[in-house]
Amino acid sequence: MPGLDLPPLTRREFLRWCAGGLLALVSWPWWRLPAHPGKVFAPQDFNLSLGRIIPPKTEGFDRPSFSGNIRKTYWRDLVLPITGVTLGDDTSSHNRIWYLLNDEAYVHSGEVQPVALMPQPVETEIPPQGRLFEVSVPYTDALWNPRLTWSLAYRLYYGCTFWVTQVLQDDKGQWWYRIADDKWPVSYFVRAPHLRAVSPEAVAPLSPQVPAEQKRIEVRLADQVVIAWEGERPVFAARAATGARFHDGDYRTPPGRYQTHRKRPSRHMAAGDRAAPNSYDLPGVPWVSYLMDNGISFHGTYWHNDFGRPRSHGCINLSPQDALWIYRWTHPTVPLDFPYFVADTGTLVIVVE
């Protein structure tokens, strides 16, 4: 509990803990729960053996502490093996998790996105309504025109989701998917092996046998944690990053009772959205479960890995795999071929201070 120090984990132990969704919770105050969770589910078995540097620049230290000696400097989008994980010495920190990168330096986990490198077979047939895909490599560059290699549209990151509407092959034999943007009336193209088709099993409902009225989610702002309940039994918990107060306004997530009545498996969040500032331009935000008409939602996050403190513009940031769990477990159930789904009711969400 507070002050607990753990020895570094081996690579095997690290992958096992991450796949179960437990590592992010090792320093979270479980004793504040009225009952111990029966299980923390793993929505998917993610291979988290690589890490992508998120900020423009970050430092690697000789030990898991900002007071350590700087050993390496890393730059945005560098991808390195995660060869160890441990807790830092700052027991007051909201996030004590540090990654050992390439056996050479420790970097705070908030600045590293765990990723995988999993090239995929090409899906040569796309249905008329399109098909949902997710990025399966650390990152890939989308182009406005696949024949013009300099026509960069966006850099797309691991775990992002997109609607693919066409597959084509260029004169060099390379396969490309056409992505229809859901925010702007534009399309862009991405190398087909870099995207994985989402299967019906990957989005199948969780705990469908539990009556809808027995499911509820509690968002504890003070603890920055999301807890899912089936009756009086907590079945899932994840660290979150909720709304914060910034120099340009107060975006704190408001307490209250809400419902997950709208969902999108993918959303381009950008200027013009009511819950996004003008500086945001984030394509492919995955597994969006809306709570409020102003756009506040649960969703996956690839632009940071720093959960446990408020840092959003109102939304409840989660890791992509945790956001997918919420998406699958809550009502309404969304068929795989629906890019946007609205229902009269959804799962109860209680946001408390």
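Computed from the coordinates by the stated procedures, all read-outs in this text should not be read as laboratory data. Please read these numbers as outputs of a predicted model, since none were measured by experiment. Virtual Cβ from ideal backbone geometry, glycine too; neighbours counted across all protein chains shown.
Stokes-Einstein, applied to the Kirkwood radius of the stretch 131-198 over Cα pairs at a viscosity of 1.002 mPa s and 20 °C, places its translational diffusion at 182 µm² s⁻¹. With all pairs of separate Cα atoms included, the stretch 301-343 yields a Kirkwood hydrodynamic radius of 12.2 Å.
A cut-off of 5 Å between modelled amide H atoms, ignoring neighbours fewer than 5 places along the same chain, links Thr347 with Thr260, His331. The Cα-based radius of gyration of the stretch 79-171, divided by its Kirkwood radius, gives an Rg/Rh of 1.12.
A cut-off of 5 Å between modelled amide H atoms, ignoring neighbours fewer than 5 places along the same chain, links Ser312 with Thr242, Gly243, Ala244. Under 5 Å between amide hydrogens, built in the peptide plane, is the criterion, and for Leu282 it picks out Met269, Ala270 among residues at least 5 positions away or on other chains.
For the stretch 58-133, what log10 I(q)/I(0) values come out of the Debye formula at q = 0.20, 0.24, 0.27 1/Å, with one point per alpha carbon and no solvent? Per q value, in the given order, log10 I(q)/I(0) is -0.82, -1.10, -1.32. Over the Cα atoms of the stretch 208-266, each weighted equally, I'd like the Debye log10 I(q)/I(0) at q = 0.17, 0.25, 0.26, 0.29 Å⁻¹, rounded to two decimals. Values returned for q = 0.17, 0.25, 0.26, 0.29 Å⁻¹ are -0.73, -1.19, -1.22, -1.25.
3J(HN,Hα) along the stretch 288-300: 9, 10, 7, 10, 9, 5, 7, x, 5, 7, 7, 7, x Hz, from the Karplus curve 6.51 cos²θ - 1.76 cosθ + 1.60 with θ = phi - 60°, whole Hz, x for Gly and Pro. Neighbour counts of C-beta atoms inside 10 Å place Tyr290, Tyr258, Tyr327 in the sequence Tyr258, Tyr290, Tyr327, starting with the fewest.
3J(HN,Hα) along the stretch 171-185, derived from phi through the Karplus expression 6.51 cos²θ - 1.76 cosθ + 1.60 where θ = phi - 60°, amounts to 6, 9, x, 7, 9, 10, 9, 8, 9, 8, 5, 9, 10, 10, x Hz, with x in place of Gly and Pro.
Can you classify the stretch 153-280 as rounded, prolate or oblate using the Cα gyration tensor, where a ≥ b ≥ c are the square roots of its eigenvalues, rounded means a/c under 1.5, and otherwise it's prolate if a/b beats b/c and oblate if not? Taking the square roots of the gyration eigenvalues as a ≥ b ≥ c, the stretch 153-280 is oblate. Rounded to the nearest angstrom and listed largest first, the equivalent-ellipsoid semi-axes of the stretch 205-352 from its Cα gyration tensor are 23, 18, 13. With contacts taken as Cα pairs under 8 Å and at least 6 residues apart, the stretch 193-250 reaches a relative contact order of 20 percent.
If you take all other residues with their beta carbon under 15 Å from the beta carbon of Leu148, and give Lys and Arg +1 and Asp and Glu -1, the sum is +1.
Note on Lys183: lysines with a C-alpha under 17 Å away, same-chain residues under 8 apart excluded, are Lys263. Our coupling estimate for the stretch 106-116, obtained by passing each phi through the Karplus curve with A = 6.51, B = -1.76, C = 1.60 and θ = phi - 60°, is 9, 10, 4, 4, x, 10, 10, 8, x, 9, 9 Hz, Gly and Pro reported as x. Each Lys or Arg adds one and each Asp or Glu takes one away; over the other residues whose Cβ falls under 13 Å from the Cβ of Leu117, this sums to +2. Taking packing as the residue-averaged number of other Cβ atoms within 10 angstrom, the listed peptides 308-318, 206-216 run from highest to lowest as 308-318, 206-216.
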